[in-house]
Amino acid sequence: MNDNLKISNEYVGLTDYNHQDPDYTDGELAIINHLTISSRMHSTQIDMVFIAICSQGELRFEMDGSEYVISKDDVFVGYPNAIYNHFEATYDLRCRLLCLSKSLMQEMLYPNQSIWNKTLFLKKHYLFHLSDQEVIMQNCMNTVLVYNLKSNKTTFQKEIIHSLVQCIIFEFCRTLSTFVQIENDKETNQRKILFDRFVSYLSTAEVKKQPLSYYADKLCVSTRYLTMVCREISGRTAYDWICEYVQNDVRFYLLHTNLSIKEIAVKLGFCNLSFFGKYVRENLGKSPSEFRRQLKDD
């Protein structure tokens, strides 16, 4: 776990007169099983992926100045650093919140995060309605999740809760994949199509650490144009995207494989072990061996 990553107390659920503690928090994941809304709710900026799952009633709020309403069997997904305010709820609201750090979300989705990235970066949010079958599946997973949240057993509790949340996320991804495909079929904006192709190509490439020109050539555009399109669509450059996916690979291979650090460096396209070590220290704050040891200790 990143020691510098802390969940701020100013998450949705904190009011002037009501501090709603999360049912679970570990620095990378916070869960509020039943959200409580009051008339004196703080505006808040959440540096985490925000997922609200409504099973009853209605919740209104603004995100970055736009109003949203979620009702029974709706799911709302918001991207990190959005500003939420003007909360209103019906008396019978039953809404569960999942707040995940960006790094945890990437780890949970690895190597299938492209659907999530394309969804959130193209729209900055997603609001969708669950089918009857999807509601049944969510209720089953929620029952097991709540049991573990209330359990006094601490052995493997974090691992179990993270695994259950990962299952919930993948169920949402299955739903989102259908919606995104429908929208892609209707989409005529060539820049969005190019961005989608870039993210898809990058996410499926075995070696992602390539010069920007490598991806631009594959897409038959200039590096300048690819950078401009990525910044316009996602607010980030193409190089930023490449760095994010490389870092995801580094985290995965250090944590989830028994490959030596030298073998990982070669597999991920680094020219030598020294350069790989420098890259990890600059981007992840520790040497590869320190990072691997800390993650496995956590």
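The values are calculated or read from the model by the stated rules, or taken from the named source; none is laboratory data. For clarity, every value in this text was computed on a predicted model and none was experimentally measured. Every residue, glycine as well, gets a Cβ built from its backbone with ideal geometry; the counts of neighbours run over all protein chains shown.
Tabulated values for the structure
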| read-out | value |
| --- | --- |
| K208 vs. criteria among the basic types (K, R), modelled with pLDDT under 80 and not in a helix (DSSP H, G or I) | no |
| Test set (1) surrounded by 19 or more Cβ atoms within 10 Å (Cβ to Cβ); (2) under 22 Å from L104 (Cβ atoms) - Y215 fails condition number | (2) |
| Segment 256-266 - residue that is assigned to a helix (DSSP H, G or I) and out of contact with any helix residue (DSSP H, G or I) (no Cβ under 7 Å at 6 or more places or on another chain) and, of those, surrounded by the most Cβ atoms within 10 Å (Cβ to Cβ) | V266 |
| Which listed residue is closer than 30 Å to V75 by Cα, without any contact (Cβ under 8 Å) to a residue 12 or more places away in the chain and either in the same structural domain as V75 (by TED's automatic domain parsing) or crowded, with 18+ Cβ neighbours inside 10 Å (or both), from R174, R251, R231 | R174 |
| Cβ-Cβ under 6 Å pairs, at least 6 apart or on other chains, segment 267-283 side touching a residue at least 24 places away in the same chain (Cβ under 8 Å), far side of a type in the set (K, R) and outside any helix (DSSP H, G or I) | L268/K209; G269/K209 |
| Subset of segment 48-62 [small (G, A, S) and either buried (at least 21 other Cβ atoms within 10 Å of the Cβ) or not in a loop (DSSP other than H, G, I, E, B) (or both)] | A52, S55 |
| Pick from segment 30-48, criterion touching a Cys at 6+ places or on another chain (Cβ under 7 Å) and either of a type in the set (D, E, K, R) or at pLDDT 80 or above (or both), ranking: farthest from S163 (Cα to Cα) | L35 |
| Subset of segment 211-226 (residues that are assigned to a helix (DSSP H, G or I) and of a type in the set (V, I, T)) | T223 |
| Sole exception among (1) β-branched (V, I, T); (2) touching a Ser or Thr at 6+ places or on another chain (Cβ under 9 Å); (3) loosely packed, with under 15 Cβ neighbours inside 10 Å for T237, by number | (3) |
| Qualifying positions in segment 94-126 - surrounded by fewer than 20 Cβ atoms within 10 Å (Cβ to Cβ) and modelled with pLDDT of 85 or more | R94 |
